[in-house]
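Every read-out reported here was derived from the displayed coordinates using simple, explicitly stated rules and does not represent laboratory data. What you see is a predicted model; the values in this text were computed from it and never measured. Virtual Cβ from ideal backbone geometry, glycine too; neighbours counted across all protein chains shown.
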Amino acid sequence: MLKNYSLDLILVAVLFLILHSCTENEYTIHRNNLDLERSEYLLQHAENPVHWQAWSEQALSVAKKQQKPIIISIGYSSCHWCHVMERESFSDDEVADLMNQHFISIKIDREEKPDIDFYYLTAAQLITGSPAGWPLNIIATPEGEAFYAGTYHSKEEWIEVLNKTINQLEKNKDRLFDYARMVKEGLINQTQPIEVSDNSELLDKAELALSLKTWMSEWDFDYGGIRAEEKFVNPPQLEFLLDYNELNPSAEIEDFIVSTLKKIAQSGLIDPLNGGAFRYSTDDQWHIPHFEKMLYDNGQLLKLYSRAYLKYNEPLFLETASLISKYLFETLKLDSELFSASQNAESEGKEGYYYLFSKEEFEEEVLNQITRFEFDAESFHLPAQPLGSSIKKTLNERRASKVAPEIDHKAIISWNALTIEGLFYYYLASGETAILDQAKASLNAALSDSKSLRHVAGDPSSIAVLEDYAFLAKTALTAYQITGEKYYLEATIELADKAIDRFEMSESPLFANSPKNLSSGIPRIINSSDGVLPNPNASLSSTLYYLSHITGVESYKKRHEAMVMAIQPWVSESIGFFPSWANNLLHSQHPFYEVVVMGEEANSFAEELLTKQFANTLTLHSSEESEESPLFKNRFVADETLIYICIDNTCLQPLSDIQEARDFLTKRR
């Protein structure tokens with residue numbers, strides 16, 4: 001009797017589980033599920049009356065099953081206008097009723113899923129004809145194919161968009177969905193590199209110079225950067241120009257580089273109190289920024305200003321790098337040795353409130369001593385400038401009385417890789433061993449789970465994308481050149497090989513953003529252009545080229561050449577969008593130098609050469625006999641430190657004088 005009773009209970013339990021699994025999708029889709037997520041951005045929307053779902057196979061399958069269109073809203077926790085739209089629209093019951101009744105609504109943290117973000121940003125550009133930003137609001141078919149794209153909307157505008165879409169879906173659903181399929185096809189075609197014939201040749205110096213000349217018409221020689229009403233700093237562009245100008249000297253280009261960096265260093269884009277750089281300027285003179293601070297901007301600018309200081313010996317550039325490092329260490333650094341993703345633009349409900357000062361807070365005498373940019377009639381923003389200690393004390397006291405903007409503490413591997421590379425260059429510029437120690441500690445932390453790399457460190461559900469592998473491999477290679485530690489070379493090779501295996505596209509020499517085995521709900525596409533981040537394909541291509549010289553593995557070089565060949569028509573047409581690829585083209589247009597230092601003083605000799613920042617040069621060193629690279633073979637001589645310089649595989653007689661080596665490399669133009 002007891003056995004039969006127990007069996008009945010088991011059958012009931014099994015039946016309940018079966019029924020529950022069948023209805024779980026319908027049940028969970030009728031509530032806001034963002035309280036189950038880790039993302040600080042998604043959690044900021046967890047109390048909305050909108051039935052938000054995180055991007056998942058489950059949510060997408062429900063949309064297909066119910067044949068409901070999808071609203072895909074993408075943003076990030078430090079985005080001011082994302083917060084505004086959340087307060088005005090997504091917290092509103094009228095808006096929520098429309099969204100819940102007619103759509104499946106999906107929220108995406110663009111920092112967590114950069115591949116999906118890139119896909120829909122590209123779709124938005126095709127739909128609207130202009131670049132998009134955040135919050136990015138997409139309306140798509142149940143299959144996720146976009147037919148509407150917009151950014152910030154007021155409540156009234158968003159309700160109008162929703163009602164028009166509902167009306168169109170009732171009247172012209174097939175036509176709307178046909179358009180969505182056309183957008184998808186166009187998106188895939190647009191991101192495929194141009195096919196080139198087998199007998200094509202890489203761009204020569206004259207062709208690249210012509211492309212550069214065309215691009216120069218867009219430069220702002222008065223205020224620096226690229227002419228625009230709102231200005232972003234673009235480190236990949238300036239990095240390319242630093243190397244290009246060394247190999248093809250031009251007073252005009254050098255003046256543009258130096259004046260741009262000076263203008264930014266003295267502008268409102270750099271915070272003179274807490275340090276760090278804001279995301280972009282809302283005017284064409286770099287006066288008033290958009291007040292959010294992103295890790296990737298600060299990491300890249302740390303590298304850029306450190307490199308520029310090493311090139312031009314301009315104290316302002318080192319001071320700017322120091323201000324950026326202050327922000328990284330004092331505000332963004334985590335206990336894990338990695339760095340937080342970003343800091344909000346707003347605090348106490350107002351954009352820039354923490355950074356702005358009220359004129360009524362200061363006596364006229366103090367105001368007269370401060371250069372300032374007018375934000376509005378009552379407040380001002382400080383440019384980056386030397387401030388007297390007493391004034392600085394007063395300003396810090398004023399700021400300390402306010403609530404600091406919130407920080408998004410997730411550690412994104414790709415952004416950390418860019419930042420850690422910046423730390424290695426800042427070490428070369430500053431000579432501070434504490435900076436080198438921090439760079440190594442941070443890199444070791446980023447590499448600690450390289451066997452199962454995550455996009456967000458410590459998040460087991462996070463999937464690493466191409467930029468994580470590409471940027472981390474490039475940073476490990478930088479670390480190897482500076483430290484000579486074998487571990488970093490091994491890490492570079494491992495990451496590069498895994499990137500080739502996991503992100504390969506059968507129809508292209510370039511790599512997809514998403515890994516092959518990921519069921520993300522969108523097609524795998526290729527990102528080939530630079531943006532505010534360097535292009536991951538270009539970064540990986542560069543690393544493969546350097547690895548081919550270090551390891552002697554010919555397949556690395558062949559893949560690099562195929563990648564550059566596929567992209568070069570776009571470089572020729574629009575070099576400003578492809579500066580990282582243009583930098584890779586320099587490898588074929590100018591002699592490539594392999595510099596190998598062997599012996600007791602190898603570390604200090606190599607470091608001295610690295611501080612000169614010679615373009616198109618690989619610098620390796622070892623203080624003992626080594627077989628890490630064929631370049632080390634038979635080159636160690638006891639009790640001597642020798643410098644071997646090879647030019648496109650032709651080697652000169654070894655030098656023992658570091659100054660002689662420096663002079664030779666300096667005059668090589």
> Considering only the other residues whose Cβ falls under 11 Å of the Cβ of residue 243, what net charge follows from Lys and Arg at +1 and Asp and Glu at -1?
Replying inline: 0
> Which trypsin sites (Lys or Arg not before Pro) from the stretch 196-261 combine a DSSP loop assignment with at most 14 other Cβ atoms within 10 Å?
Replying inline: 227
> Any idea what angle helix 295-312 forms with the longest principal axis of the chain, computed on alpha-carbon atoms, 0 to 90 degrees, nearest 10?
Replying inline: 10
>> Viscosity 1.306 mPa s, temperature 10 °C: give me the Stokes-Einstein translational D for the chain in µm²/s, with Rh taken as the Kirkwood radius over C-alpha pairs.
In response: 59
>> Under the rule of at least 5 residues apart or a separate chain, name every residue whose amide H is placed under 5 Å from the amide H of residue 105.
In response: 53, 71
> Within the stretch 417-511, which GluC sites (Glu not before Pro) sit in a loop by DSSP and count at most 16 neighbouring Cβ atoms inside 10 Å?
Replying inline: 432, 485, 507
> What's the FRET efficiency of residue 230 with residue 202 using the Cβ-Cβ distance as r and R₀ = 56 Å, to the nearest 0.05?
Replying inline: 0.95
>> Rounding to the nearest 10 and keeping the result within 0 to 90°, find how far the Cα-based axis of helix 554-573 lies from the longest principal axis of the chain.
In response: 70
> What is the order of 283, 408, 35, fewest Cβ neighbours within 10 Å to most?
Replying inline: 35, 283, 408
> Can you give the net charge of the other residues whose Cβ lies under 9 Å from the Cβ of residue 286, counting K and R as +1 and D and E as -1?
Replying inline: 0
> Helix-derived [θ] at 222 nm for the chain: sum -39500 (n - 2.57) over DSSP H runs of at least 4, divide by residue count, nearest 500?
Replying inline: -16000 deg cm²/dmol
> From the backbone phi of the stretch 272-280, what are the Karplus-calculated ³J(HN,Hα) couplings (6.51 cos²θ - 1.76 cosθ + 1.60, θ = phi - 60°) in whole Hz, Gly and Pro given as x?
Replying inline: x, 9, 8, x, x, 10, 7, 5, 7
> For helix 466-483, what angle does its Cα long axis make with the longest principal axis of the chain, in degrees from 0 to 90 and rounded to 10?
Replying inline: 30
> Between their Cα atoms, which of 155/402; 113/326; 68/164; 558/612; 155/293 are more than 23 Å away from each other?
Replying inline: 155/402; 113/326; 558/612; 155/293
> Taking K and R as +1 and D and E as -1, what net charge do the other residues with C-beta under 15 Å from the C-beta of residue 73 add up to?
Replying inline: -4
> Which cross-chain or sequence-distant (5 or more) residues have an amide H under 5 Å from the amide H of residue 290, H modelled 1.01 Å from N in plane?
Replying inline: 279, 280, 281, 282
> If you take the alpha carbon radius of gyration of the stretch 242-321 and divide it by 2.2 N^0.38 Å, what ratio comes out, to two decimals?
Replying inline: 1.11
> So in the chain, what percent of DSSP beta bridges are antiparallel if you round to the nearest 5?
Replying inline: 70
> List the GluC sites (Glu not before Pro) in the stretch 315-383 that DSSP assigns to loop (not H, G, I, E or B) and whose Cβ has at most 14 other Cβ atoms within 10 Å. Which are they?
Replying inline: 348, 363, 378
